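Step one of this worksheet: look at the structure below.
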Amino acid sequence: MPRCYRCPAGVPAAPAGVPGVPGAHARCARCPCRCARCPGVLAAPAGVPGTLQVCQLCQVLCRCARCARRPCWCARYPTGVPGILQVCQAPMPGVPGDHARCARYPAGVPGARARCARCPCRCARCARCPCQVCQVPCRCARCPCRRARHTCQVRQVWQAAPPRRYCRLRGWNTLFVCGTDEYGTATETRALEEGLSPQQLCDRYHALHADVYRWFRISFDHFGRTTTPQIAQDIFQRLLARGFLLQDTLEQLRCESCGRYLADRFVEGTCPFCGYAEARGDQCEKCGKLINAVELKNPQCKLCRGTPVVTPTQHLFLDLPKLEGPLEAWLERSWAAGDWTPNARHITRTWLRDGLKPRCITRDLTWGTPVPLDGFRDKVFYVWFDAPIGYLSITANYTDQWERWWKNPQQVELYNFMAKDNVPFHSVVFPCSLLGADDNYTLVNHLIATEYLNYEDGKFSKSRGVGVFGDMAKDTGIPADVWRFYLLYLRPEGQDSAFSWADLLLKNNSELLNNLGNFINRSG
């Protein structure tokens, strides 16, 4: 007879055949109640710390009684066991490991948790972390090192899949490409934190993202990578030759302790616009404003938490004011003939109304596309100069005839799908780069931007482990088609929308099963 996992050794579980007893995960008769609706899910009265409330999503997830809000996975059982929950994803003081479990200890061993070096908690079994007893790599659920794309980001990619299917059904020649954005400070920062080279990190996450998209049944013609330098360097050389690049001195934060310049995500501080205390050195994720790192209040180095100093350094800038006229003329044509979502038009108009300013396109980093110019060969391109060019590079890696797509604006219509915070880079910076290069590039005809998708009453955050992530979506037991339906049901929006487990259940039952399901069954 299986042993009750909540009681001391030797206390047997309830006998087989008792309703609500899920086999080896059973509780004994004196333990809190089980969910009356789901035979495979345990429950407990509200308010009992560390136990579960009545199941809110039958046979899928319960809610943790410690926060009564977020779904969570148990530290003692393998990921994928529905309903066996312990503590939620929200950081809880005094909870060692925050429900991360050491993979080499058997299921059911209390305190067998490992965590990564960046989390404040310790392995409950050996009081040291990473776990010195079993030497198992980090499995900490709070740490972003084990997060794939969250559902909000998957939505940006998934929204492009139905139009692609429609085009194929109509018999139109269609190319659907996507890829992992591999250069930039975010990659270099994460690689340092995990003790990997940037290339090793990118190899791992490319495979992980590809697996997530396969599970969501998003069928790209090619899912590639942005780490192909030739086309970006060619566009740079054409911009340089045509006089659209400037050289100027840029004040930049430098950490003397680490001996490096702190570009973009190597620095955090208070946003000068909205006061958000954890703004990055390139953009505030709360208000969406683009930021120069030296504008941050109370800046800190993300690596050592030291206070950086302002140091002048030479950089290259894209002369956006010189390209403003051609950009406005192109935008008028694109808006008249194409379909841009209202938020994409509004964001672009705001940038133009405020007046374009030269945009720095180089960074003092080692991981990125090298700048092919004497005096700047120790620098790399800024990720938002080179990442959109990755669409062209990904296509070139797919077919030698890539120019039939990307240098053929008379016969090709280009659709871009993204979140609204990426609009300025695709409607201003990227088009200016292609217009300045003057090589008959295909520019976007239709730009579709989603509003933000929030999580319950907060924001999705990979860094804080808040939200539903692509790899976690598979473990919920909810079929991919349900996720696909729900994410599309939230579109189109006129304002920020919110994901909630209760709403997912409601839309699945009322819209997908009752309305659409009954309609299809009756029409068949």
Considering the stretch 166-188, residues that are among the hydroxyl-bearing types (Ser, Thr, Tyr) and crowded, with 18+ Cβ neighbours inside 10 Å, and then whichever is nearest to residue 392 (Cα to Cα), we arrive at 180
Looking across the stretch 265-280 at residues that are in contact with a Ser or Thr (Cβ under 8 Å, 6 or more places away or on another chain) and among the small types (Gly, Ala, Ser), the single one that is nearest to residue 451 (Cα to Cα) is 279
Residue 271 passes all but one of the listed conditions (1) buried (at least 20 other Cβ atoms within 10 Å of the Cβ); (2) within 30 Å of residue 197 (Cα to Cα); the exception is number (2)
For the stretch 467-499 the number of residues that are more than 20 Å from residue 517 (Cα to Cα) and under 18 Å from the mean Cα position of the chain (by Cα) is 13
Filtering the stretch 301-314 down to residues that are crowded, with 20+ Cβ neighbours inside 10 Å and either assigned to a strand (DSSP E or B) or acidic (Asp, Glu) (or both) yields 301
Residue pairs within 8 Å by beta carbon, gap of at least six or interchain, first lying in the stretch 307-328 and closer than 16 Å to residue 295 by Cβ, second part of a helix (DSSP H, G or I), listed first then second, are 310/294
Checked 277, 232 against criteria (crowded, with 21+ Cβ neighbours inside 10 Å and at pLDDT 85 or above); the one match is 232
Residue set 148, 117, 141, 127; condition modelled with pLDDT under 50, out of contact with any Cys (no Cβ under 9 Å at 6 or more places or on another chain), more than 25 Å from residue 362 (Cα to Cα) and assigned to a loop (DSSP other than H, G, I, E, B); output residue 127
When residue 349 is run through (1) surrounded by 22 or more Cβ atoms within 10 Å (Cβ to Cβ); (2) assigned to a helix (DSSP H, G or I), the failure sits at (1)
Could you say whether any residue in the stretch 269-289 is within 25 Å of residue 317 (Cα to Cα) and in contact with a Pro (Cβ under 7 Å, 6 or more places away or on another chain)?
yes
**Request:** Kindly indicate whether residue 326 is touching a Leu at 6+ places or on another chain (Cβ under 6 Å), of a type outside the set (Gly, Ala, Ser) and either in the same structural domain as residue 447 (by the TED database) or part of a loop (DSSP other than H, G, I, E, B) (or both).
**Result:** yes
Subject >> Test result for residue 340, of a type in the set (Phe, Trp, Tyr), buried (at least 20 other Cβ atoms within 10 Å of the Cβ) and assigned by the TED database to the domain that holds residue 431 >> reply: yes
Considering only helices (runs of 4 or more DSSP H) wholly within the stretch 354-433, the ones with at least 1 residues that are surrounded by fewer than 23 Cβ atoms within 10 Å (Cβ to Cβ) and β-branched (Val, Ile, Thr) are 390-398
(1) out of contact with any helix residue (DSSP H, G or I) (no Cβ under 6 Å at 6 or more places or on another chain); (2) crowded, with 17+ Cβ neighbours inside 10 Å all hold for residue 486 apart from (1)
Just one listed residue, out of 400, 421, is of a type in the set (Asp, Glu), touching a residue at least 40 places away in the same chain (Cβ under 8 Å) and outside the structural domain of residue 253 (by the TED database), and it is 421
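The values are calculated or read from the model by the stated rules, or taken from the named source; none is laboratory data. As the structure is a prediction and not an experimental result, all values here were calculated from the model. All Cβ positions, even for glycine, are placed from backbone atoms using ideal geometry, and neighbour counts span all protein chains on display.
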